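Worksheet for the structure shown next.
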Amino acid sequence: MPLDFVIAPRSETLSLLLQTKIDQKTKPLGALGQLEALALQIGLCQNTLTPSLNKPCIMIFAGDHGIVESGVSAYPQTVTAQMVANFLSGGAAISVIAKQHQLELLIVDAGVNADLESHPKLIDAKMAKGTLNFSTDPAMSLEVCTQAIHAGAKQVLQQINDGCNCIGFGEMGIGNTSSAALLMHCLTAIPLAQCVGRGTGLNDEQLQNKLAVLQQALNQHKEITQTLDVLATFGGFEIAMMVGAYLKAAESGMLIMVDGFIASTALLVAYKLHPQVLDYCVFCHVSNEQGHQALLDQFKAKPLLNLDLRLGEGSGIALAYPLLQSAVIFLNQMSTFAEAGVDH
């Protein structure tokens, strides 16, 4: 299955028209700051002077990681399935904040190590019950990795068919900061120690053990250099599906809301495959997890929020979403100088 995504470049002509529309609003030039850049980007993503946010959705991809067996997390693997149940029952942070802002919340079982009960908001796309332990074996085969990417794209296509044009991706998977740290290191050459953080709240001793385990895994697979090989070797099913989700969303001209460290690492993989994906991405926040700011620097990204979050789940997306609404509203509804009869 080839990865034949085609992502259109942004229109320079439309960019000029949007900027003119923004500049004619009743305000000093640039007075709405980052909100103006956001309005411009949303218009370019949707290829229109009058963008809209239709049926906004956050999709959480959940999967388990074999590397947890090596003691890299403060929480047991069973927490992944328990948190999925918490999402579905409405008790998680993302559940209540998404509800506050009327965001559709869907959970995708990409590879949870449990048999999950059916639920209207749960999508069964399980590749396997967790990945292999990459300290000894590749997390998954290249074939399965490619299948997971296409499975992620399929989930986004379903939302497009339902009328969604604004989507964000969250994740849940005990151990996935370990995967993300290795993906980041391998694809950016940033020193591993600068990519590895405390994840679920490791103490200093546990953090040093995590770093040692990941260094050993890196040594085990040091010949791996190609992007898809790196993803198959160190990734998770939820991360691979997010890669496909990003690429399909960008190919379809959707506005993509980017969450924290793990979500940004999945985007890094998508970016290495198709750099144009960044044109469609709004970076919602900078996380408190070590490595995220350096990762954002790789994208030359300016995040909307800095709230010291390190939760994942798409929580930063839900919190930033009202800013996207404000950008669209001012672009579409704010008067121009001519309309308001204001001299300038």
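Readers should treat all values here as calculations from the given coordinates under stated rules, not as data from a laboratory. Only a predicted model underlies this, so the values are computations on that prediction, with no experimental measurement involved. Here the Cβ positions follow ideal geometry from the backbone for every residue, glycine too, while neighbour counts run over all protein chains shown.
Here are some notes:
- Basic side chains Lys and Arg get +1 at the Cβ, acidic Asp and Glu get -1 at the Cβ, and with that the dipole of the chain about its Cα centre reaches some 460 debye.
- Simple Cβ-charge dipole of region 158-227, Lys/Arg +1 and Asp/Glu -1, about Cα centre, in debye nearest 20: 140 debye
- Note: the chain, Cα convex hull, 124 Å³ per residue.
- Residue exposure proxy: Leu182, Leu3, ordered by other Cβ atoms within 10 angstrom of their Cβ from fewest to most, comes out as Leu3, Leu182.
- Percent of beta bridges antiparallel (DSSP, the chain, rounded to nearest 5): 5 percent
- Dipole of region 57-323 computed with +1 at Lys/Arg Cβ and -1 at Asp/Glu Cβ about the Cα centre; of Leu304, Ile107, Ile67, farthest Cα towards the positive end is Leu304.
- Distance from the alpha carbon centroid of region 97-163 to that of region 189-204 works out to 25 angstrom.
- Mean-position separation - Cα centroids, region 258-313 and region 21-94, in angstrom: 10 Å
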